[in-house]
Each structure stands twice: as structure tokens, then as C-alpha cells.
Amino acid sequence: MSSRRVCQRCSALPASIQRAPAPLSARIAAKRCFTLSRTKQPSKSPSDNPPLQNKRRLSSLESQGQRASSEYVAPPASQQPTQSPHEDNSRLLLKPDNLFHSFSNSPSPEIRRRAAFMKQNAYCPHPAHAQTRQPIGPHDLEARKTGTHPPAHVRYECPDCGIPVSCSYEHFADDYENHLDICDQLREINEDDHDLRSGRFFPEFEYPGPQLEEAQVNMTNWDTLLYTREFNAIDNERSLRQATRLLTYPITIGSVIHELSPYNIKSGGRLTPEGLKSMTLRYTLHPPRSGAGMTIAGLRPNPPPTRLFILGARAESSLPREVWIQLVHLFPRATFHLIFIGPESMANRDAEFPLPPRTASNPFGAVVEDRISGQMKISTFVEYYHTLHAAGAFAPYDPYFDAFVLFHPGLGHPASSHEWAETIPQLLETKVPVICTGYTEYDMQRDIKWVHDTVGGEVDMLLEPGENRFRSLRWDLNDADPSDVSCGNFGLWAFRGKRYETTRKDVE
Amino acid sequence: MPLGRIPQSSYYDARNRPGAALYRARQPYLVKNAVTGLFIIGFVAGVYSWTIRAIGQDDFSDVPMPDAPIQAGHAPHTTAGSRSAGPA
């Protein structure tokens with residue numbers, strides 16, 4: 001057995017899992033599916049990161065460790081100590097030149113399961129079929145369906161991208177031009193999914209620690225950010241896609257609230273003057289030096305932590321905590337309290353159930369993680385936000401300390417807009433900036449339109465809608481509709497309740 | 001050979017050549033830096049050439065020069081050709 005000392009809990013895991021970070025679970029992929037009914041995908045492959053000191057992470061690995069071992073070709077234990085993960089090719093399931101496989105014939109059982117799911121749930125998009133649901137927008141292929149053929153599930157896999165996209169060869173050939181638009185992207189998704197399950201070593205999931213405050217971060221694009229944040233070089237584009245898919249969540253927030261944000265008030269900079277006024281968070285996040293030190297003489301009064309309320313949290317609440325810590329490392333002298341709120345905020349965090357009991361000091365049974373870092377605390381509430389707002393759980397709100405973040409909330413999406421109807425007016429009332437993202441341009445515009453329709457003109461745009469510089473570079477597939485590809489945090493915009501400096505009073 | 005490895009940035013390969021990630025990180029600044037570099041070098045070249053020209057020989061081709069004297073090398077005040085009134 002390995003000569004490394006392992007604690008009793010870790011020794012339950014095969015050494016191969018401990019040694020190298022396991023591939024990221026596709027739970028993130030599953031959660032990003034944008035189905036009409038917003039059904040949850042069945043939870044997917046084994047958990048990801050190497051065991052940290054954090055007990056919470058160890059427990060989740062342990063519970064899923066047995067499933068993890070079934071996915072890998074685990075070598076005999078005697079091989080482990082002598083080989084570094086870089087040369088450990090015996091446990092590689094898929095070599096880098098062998099990443100394209102048709103989903104139904106994939107070497108990974110989980111992808112085969114997804115293919116089976118697609119074949120049972122996704123409908124052929126050929127116009128000859130009858131519609132099965134209302135089209136979501138003008139680009140939805142459902143809108144083209146005018147025929148009378150009964151709707152058929154997809155069965156035929158495109159030979160170039162390996163994903164079942166049509167019910168038969170005839171419909172596939174007929175609709176080939178439309179498919180060609182996304183065939184390359186689907187193939188890329190296919191290879192990235194296989195890459196995640198290939199069992200290779202993932203150096204891109206090793207994140208750097210805090211850095212010197214004077215070494216400033218450059219937020220022009222992903223490459224400059226990763227370079228100035230002292231990440232290990234990610235030369236391979238596929239690795240970059242895998243890494244940015246997780247990092248997009250903390251870095252998107254960071255890119256808006258940091259003082260070196262790429263969004264500015266010049267024309268084309270997308271930040272409006274109201275937006276600049278609302279970035280009062282920057283005073284708290286970049287405090288002047290106060291002479292504080294580690295001794296008694298260096299004690300200084302500290303401001304309360306910046307609260308980021310992440311509403312409608314689904315996959316992002318289960319992101320590995322070392323990914324969220326990257327947000328903290330962007331702001332050297334600031335503290336954070338991340339609050340995940342939403343009915344699905346405990347998705348894929350089964351190891352942390354049951355929730356704490358509701359007591360007077362914790363009236364909503366929130367899961368509080370305060371041992372992650374000296375600068376970050378994470379609380380998770382499995383509640384709707386309007387319940388908590390009505391209860392005054394977080395009042396008072398202060399724009400110098402608070403912000404709301406909504407990751408692809410689907411405000412205007414027919415399946416979920418009713419859930420937001422009560423929350424959005426309350427958010428506007430707090431006059432605190434609300435940062436919103438969207439899966440696609442259309443999704444974002446629909447959300448904006450819905451907000452304007454719901455609350456009239458009571459909204460100030462802080463950040464004009466547009467592509468997020470720090471979007472996920474990896475595209476995701478919607479298992480219930482293979483022609484729907486989206487990427488995490490594609491679009492970004494921000495709003496706030498309108499502040500009236502003066503109002504007219506009717507003169508009698 | 002020092003003990004242990006010399007710390008090496010992952011942005012350079014084993015032969016200290018920049019890697020792909022470094023090229024991508026530099027890419028937004030390539031053109032701007034090249035133009036700035038050209039300006040600086042051009043300025044230096046301009047100062048240098050102007051200075052060399054400024055301290056070079058003057059050009060007197062536009063100044064009218066008098067004719068050279070007819071008896072070249074004749075000394076006018078020698079005592080060989082004339083009696084001078086010596087001290088009386």
C-alpha cells in the first residue's frame with residue numbers, strides 16, 4: 001500500500017481516487033439542462049475533487065467513493081507508489097486521441113445511460129412531426145414543426161457528432177443543413193464529456209492560493225485572468241474549457257464587483273452611470289489600509305462580511321468550495337458570506353442531509369459552512385427567497401455590503417417565471433444591485449422583458465446585457481433536447497430598483 | 001547543479017520558450033505593444049540621426065569666397081629688396 005499516511009476515512013477509498021483528482025461529476029452538466037418542465041436530472045457520476053482537509057468534502061467522497069471505483073480501471077495497489085499520476089496510463093480509460101465515441105456505444109456507462117435517456121425523452125426536430133410543446137422562442141426548432149406525423153423519439157445518431165438527433169436516417173438527411181449548424185459543437189461536447197470520464201489526471205482543477213495584493217489581476221479575458229491569478233498554465237483548449245466551466249461562477253461575480261472590472265462607463269463598456277453608482281460594494285471590497293496587524297496593537301474594527309445572496313441556486317451550491325474560494329482570492333482584504341437560497345439549493349449535496357433542525361438561532365434550518373476559510377462563510381437555505389424576505393431574515397439590506405446574484409434564473413421562462421413573480425419586486429425594494437446571467441442571448445432578453453413587464457419602469461439597468469467575458473467556454477447539452485446547446489453564464493446583465501432622488505409633489 | 005529543481009513557471013516549457021497559454025495571455029497587447037515599440041525606436045533613431053547631423057561639418061557652399069592672392073607665398077616686408085632708412 002502507499003507509503004503516504006492516510007486517515008481512516010480516506011483509507012476506505014482506492015488509492016487511485018485519492019491520488020489524482022477524479023473527473024468532475026456531470027451533476028453540473030445535469031443541472032444546467034434547460035428543460036421546459038425544469039425537471040431534475042438523475043444525479044450522475046462520481047464526485048470530483050481530491051480530499052481536502054474539509055470534513056464536508058471527505059464525507060461526500062466517502063459516500064460516493066464506491067461508485068467512483070466502479071468507473072475506473074483501478075490498478076493493483078502495489079503499482080501506486082512508484083508511478084506519478086502523469087505517467088499512470090494504466091488507469092486511463094480513454095487516451096486523448098480516442099475521445100470521440102457515439103453516445104450509445106460509449107465506453108462510459110454513464111454516457112450510455114444519458115444516451116438511453118435521450119432516446120426515451122427527446123423528440124425528433126424534423127418539421128414533419130407534430131409539435132409536442134409550445135415553442136420557447138423563434139429559434140426553437142419546435143416552431144418549425146407543422147406536420148402531422150406523430151412525434152417520434154430520437155434514435156438515429158449523427159455519425160459525425162455521435163449524439164442521437166433524429167428519429168430516422170431519412171429525417172436526419174432531410175434536416176442535415178440545420179444539423180450542420182451545431183454538429184461541430186455537439187462533437188466538441190461529446191469529446192469533452194468523454195474527456196471528463198477518461199480517467200486522466202486533471203491539472204487544470206488545481207487552483208492557486210491567495211496572491212500578493214500588489215500583483216493585480218487583469219480581467220480582460222480568461223487567459224489574462226488565469227495568468228495574472230497565477231494559475232498553472234492551461235495550454236490545451238480542452239482543459240481550458242473544463243476549467244472555466246466551474247470557475248465561471250465565482251469569476252463572473254468577481255468581474256462585476258471588482259474595481260478592475262472590464263465593464264466601465266465608456267461607450268461599449270456596458271456599465272451605466274447608475275451602475276457605477278451602485279458599485280458601492282467596491283468600497284467594502286477594497287478597503288483602505290488601516291494599519292491592522294496580528295498583534296493586539298493591530299486590532300482594528302472590521303466591517304461585516306459582504307453578503308452575496310445567490311438566489312435560485314441549483315448546481316452552483318454544490319460547486320467545490322475551492323472553486324468558490326477563488327472569489328475570495330480576488331479580494332485580499334475582504335470577507336464574504338455566500339448565501340445560497342432556493343428550493344433546489346441542496347441539489348446533489350446528499351451527503352449533507354439531513355438538514356439541521358430548525359431552532360431559534362437557526363429558524364430556517366440552514367446549512368452553515370464556516371470552516372472553509374478565514375474569509376468566507378457559506379450558508380444554504382432550502383427556501384424560496386420571498387419567504388425569507390417576508391420573515392426579515394436578512395434585513396436590513398445595505399448596498400455597501402449586499403448584492404444579489406441570479407445564475408440563469410429563467411425569469412421569463414414559462415416553467416419558472418411564476419416562482420420569481422413574488423421575489424423580483426422584493427429585490428427591487430431593497431435597492432441593492434442584482435447581477436443576473438442567462439444561458440443564451442434569447443434567454444437573457446426574455447428575462448429582461450419579463451422584468452420590465454412585471455414591474456413596469458421601476459428598474460434601473462446597471463449593466464447592459466451582453467456576452468459575459470467570463471462565461472463557461474464549454475458548451476452543455478440538454479439531454480431532453482439534443483439540439484439545445486447552451487453554456488453556463490453566457491450572458492450577463494445587472495439591474496436594481498429605481499432610485500428616485502426627487503419626486504414631484506402635486507402642487508395644489 | 002543546484003539541489004532540487006529551479007522553480008519554473010508553467011508558462012514556459014522545459015527550454016524556456018513561451019507556451020501556448022502565455023501567447024494567448026499576451027494576445028490582446030501584441031499589436032499595441034508592437035506599435036509602441038516602433039514609436040520608441042523611431043524616436044530614438046530620430047534623435048540619434050538629428051544629433052549626428054547637427055554636430056557634423058557646416059556647409060559653406062552658399063557663402064561667396066574671395067579670390068586667392070596672385071603671388072602666393074611672397075613675404076611683403078622682407079629687408080632684402082629695399083634700403084630702409086636705418087637709424088641716422
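Without any contact (Cβ under 8 Å) to a residue 60 or more places away in the chain, in contact with a helix residue (DSSP H, G or I) (Cβ under 8 Å, 6 or more places away or on another chain) and not basic (Lys, Arg): does that describe residue A:156?
Numbers: without any contact (Cβ under 8 Å) to a residue 60 or more places away in the chain: yes; in contact with a helix residue (DSSP H, G or I) (Cβ under 8 Å, 6 or more places away or on another chain): yes; not basic (Lys, Arg): yes.
So residue A:156 passes the test.
Against the conditions (1) modelled with pLDDT of 95 or more; (2) more than 22 Å from residue A:424 (Cβ to Cβ), residue A:271 satisfies every one except (2).
Take the conditions (1) under 15 Å from the mean Cα position of the chain (by Cα); (2) under 30 Å from residue A:281 (Cα atoms); (3) among the aliphatic types (A, V, I, L, M); (4) not in a loop (DSSP other than H, G, I, E, B); residue A:473 misses just one of them, which is (4). Residue count for segment A:243-276, restricted to those that are within 23 Å of residue A:201 (Cα to Cα) and either in a loop (DSSP other than H, G, I, E, B) or within 14 Å of chain B (Cβ to nearest Cβ) (or both): 2. In segment A:199-220, the qualifying residues are those that are within 11 Å of another protein chain (Cβ to nearest Cβ) and without any contact (Cβ under 8 Å) to a residue 60 or more places away in the chain, and the one that is nearest to residue A:318 (Cα to Cα) is A:204.
Among the residues of segment A:226-239, is any of a type outside the set (Val, Ile, Thr), more than 14 Å from every other protein chain (Cβ to nearest Cβ) and either surrounded by fewer than 17 Cβ atoms within 10 Å (Cβ to Cβ) or closer than 30 Å to residue A:115 by Cβ (or both)? Write out each step before concluding.
Filtering segment A:226-239 down to residues of a type outside the set (Val, Ile, Thr) leaves A:226-227, A:229-233, A:235-239.
Checking which are more than 14 Å from every other protein chain (Cβ to nearest Cβ) leaves us with none.
Among the residues of segment A:226-239, not one is of a type outside the set (Val, Ile, Thr), more than 14 Å from every other protein chain (Cβ to nearest Cβ) and either surrounded by fewer than 17 Cβ atoms within 10 Å (Cβ to Cβ) or closer than 30 Å to residue A:115 by Cβ (or both), which makes the answer no.
Out of segment A:297-311, which residues are at pLDDT 95 or above and outside any loop (DSSP other than H, G, I, E, B)? Result: A:306, A:307, A:308, A:309, A:310, A:311.
Looking only at residues in segment A:469-478 that are surrounded by 22 or more Cβ atoms within 10 Å (Cβ to Cβ) and not basic (Lys, Arg), the one that is farthest from residue A:261 (Cα to Cα) is A:477.
Annotation note: of B:38, B:30, the sole residue that is more than 14 Å from chain A (Cβ to nearest Cβ), free of Cβ contacts under 8 Å to residues at least 24 places away in the same chain and under 38 Å from the mean Cα position of the chain (by Cα) is B:38.
Kindly evaluate residue A:148 against the criterion of being of a type in the set (Val, Ile, Thr) and at pLDDT 55 or above. So residue A:148 fits the description; yes. You will find that of A:223, A:192, A:175, the residue that is out of contact with any strand residue (DSSP E or B) (no Cβ under 6 Å at 6 or more places or on another chain), of a type in the set (Asp, Glu), within 14 Å of chain B (Cβ to nearest Cβ) and buried (at least 19 other Cβ atoms within 10 Å of the Cβ) is A:223 and no other. Of all residues in segment A:103-114, none satisfies being closer than 22 Å to residue A:181 by Cβ, under 25 Å from the mean Cα position of the chain (by Cα) and either of a type in the set (Val, Ile, Thr) or at pLDDT below 85 (or both).
The values are calculated or read from the model by the stated rules, or taken from the named source; none is laboratory data. For clarity, every value in this text was computed on a predicted model and none was experimentally measured. Here Cβ is always computed from backbone atoms with ideal geometry, including for glycine, and neighbour counts include all displayed protein chains.
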